[in-house]
1. Take THR385 and decide whether it is open to solvent by less than 30 Å² (accessible area, probe 1.4 Å) and among the polar types (S, T, N, Q).
2. If you go through region 223-240 one residue at a time, do you hit one that is assigned to a loop (DSSP other than H, G, I, E, B), under 30 Å from MET311 (Cβ atoms) and at pLDDT 95 or above?
3. Please give the number of the condition ARG402 fails out of (1) in contact with a helix residue (DSSP H, G or I) (Cβ under 8 Å, 6 or more places away or on another chain); (2) closer than 26 Å to SER434 by Cβ.
4. Which numbered condition trips up ALA15, out of (1) under 24 Å from PRO191 (Cβ atoms); (2) touching a helix residue (DSSP H, G or I) at 6+ places or on another chain (Cβ under 7 Å); (3) in a helix (DSSP H, G or I)?
5. I need the full set of residues from region 18-36 which are part of a strand (DSSP E or B) and either closer than 26 Å to GLY88 by Cα or open to solvent by less than 60 Å² (accessible area, probe 1.4 Å) (or both), in order please.
6. Which residues, taken from region 37-55, are under 19 Å from THR223 (Cβ atoms) and surrounded by fewer than 19 Cβ atoms within 10 Å (Cβ to Cβ)?
7. Being out of contact with any Pro (no Cβ under 9 Å at 6 or more places or on another chain) and within 17 Å of LYS219 (Cα to Cα) narrows it down to one residue among THR65, THR108, THR153; which is it?
Amino acid sequence: MQAVILAGGKGTRLAARLNGRPKALVDVDGVPLLERQLLSLAAQGVDEAIILVNHAADQIAAYCTSRNAFGLARLRLVDDGEPRGTAGATLACLPDLRDRVLVVYGDTLFNIDLARFVAAHERSGADATLFLHPNDHPHDSDLVEIDDAGWITAFHPKPHPPGVPRANLVNAAFYVIERRALEAWRDATTPCDFGQDLFPAMLAAGSRLFGYNSFEYIKDLGTPARLDKVTDHLRRGVVARASLAVPQPCVFLDRDGTLNALRDYVRGPGDLVMLPGAAAAVRRLNEAGRRVAVVTNQPVLARGECTPQDMRAIHAKLDGELAGAGAFVDRLYLCPHHPDAGFAGEVPDLKIACDCRKPKPGMLLSAARDLNADLARSWMIGDSTADIAAAKAAGVWAILLRTGEGGRDGRCDATPDAIADDLAGAVELILSASRS
Ligand SMILES: [Zn+2]
């Protein structure tokens, strides 16, 4: 595997921390960032790196030589001569690229399973795969929209118009790209940026771009505050623990009656009203390093009372409400099925007895697999007996809430491990249980 590292940035915002060094060599807890990047790539099978440099290239060259190219078989510096933008600089060295290339931004610290990322790209057959994740500040991030199969359908670069709910899925600036997909753009006007210019143009021209949504660690450290945050994460083990190889403590959340008020049914974004304190409770889970997955039965889809587009709009609203409190969910799973026929406008394909509709544990088991859940340290929080029964079937701890149904639905005979007044109370229970 070949990697291109975009290290041409001057690092103006980071100047006070650079002591005259180029941004790529910024000290991150005692080790230059470029070294951290190259060692991680080399350890995961990258054998060649092309570093695109501009500012203070001689210092980067001298450092790489002093470190024996970090064990890579080939390491080259290419001076892009002029500021061409991230995509422009990559296109300028097209003749040097192999058939498939990993593109890494020189100001990011990451802990990403490359083999898994590239395998997902290969399986999809995409022209390019973008690493995506929700974050706690989507309002000033470049957002991406994907369909249910993971294909990218739209780019929404910042700034975002107020009042338009968008799913919290951020372009983290880490890509695997097929060289053939770039050929047609070799003469693109520069400066040309991947996220702002090239990918939107490729999408419009019919390229197939895949979104890889993962909670693994990647953050840019382009400002002193971000550098401090990443350094703190390294020291506290947050970066290491975010590896998919490490079993994750997860919290599975029901939606209606747990996060948002229980109504007849939520059929559009206007029907979704958050319960008091719910978003702040999710933020506490995010900050405590718990993976959060929503698992929700949505039979309105099978009954034809809500289209998949409506459902995406509802969840964009949910993401926006959570983001307003600095919170996010790592993944959302929904069961669109319903077993009983006889509704006007129903969708016959979804009228099945499935394995995912709670109280069956299918959604929790899928989430547990995708997130590498540590079941003994994972919890389900919900307001109905079906939530509790699903939790027990999946082998996780269960907390019943007094909000929503408050366990009065009588659907299942299942005993929760604890009962809490609301989501905030349940989160307090979980976090204090882990402290004791
Ligand atoms: Zn289902």
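The values are calculated or read from the model by the stated rules, or taken from the named source; none is laboratory data. Small disclaimer: the values here were computed from a predicted structure and weren't measured. Here the Cβ is made from the backbone with ideal geometry for all residues, glycine too, and neighbour counts use every protein chain on show. The protein model used for the area step is the full one, side chains on, heavy atoms only, and it has no ligands, DNA or RNA in it. Shrake-Rupley method; radii C 1.70, N 1.55, O 1.52, S 1.80 Å.
1. Judged against the criteria, THR385 is a match.
2. Within region 223-240, none of the residues are assigned to a loop (DSSP other than H, G, I, E, B), under 30 Å from MET311 (Cβ atoms) and at pLDDT 95 or above.
3. Condition (1) is where ARG402 drops out.
4. All conditions are met except number (2).
5. Taking region 18-36 as the starting set, the residues that turn out to be part of a strand (DSSP E or B) are 27-28, 31-32.
Result: VAL28, VAL31, PRO32.
6. Across region 37-55, the qualifying residue is only HIS55.
7. Of THR65, THR108, THR153, the one residue that is out of contact with any Pro (no Cβ under 9 Å at 6 or more places or on another chain) and within 17 Å of LYS219 (Cα to Cα) is THR108.
Okay, residues lined up against (1) modelled with pLDDT of 95 or more; (2) closer than 23 Å to ALA391 by Cα; (3) outside the structural domain of PRO336 (by TED's automatic domain parsing); (4) open to solvent by less than 30 Å² (accessible area, probe 1.4 Å):
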{"position": "LEU253", "(1), (2), (3), (4)": "yes, yes, no, yes"}
{"position": "LEU262", "(1), (2), (3), (4)": "no, yes, no, no"}
{"position": "GLY270", "(1), (2), (3), (4)": "no, no, no, no"}
{"position": "ALA278", "(1), (2), (3), (4)": "yes, yes, no, yes"}
{"position": "ALA281", "(1), (2), (3), (4)": "yes, yes, no, yes"}
{"position": "VAL300", "(1), (2), (3), (4)": "no, yes, no, yes"}
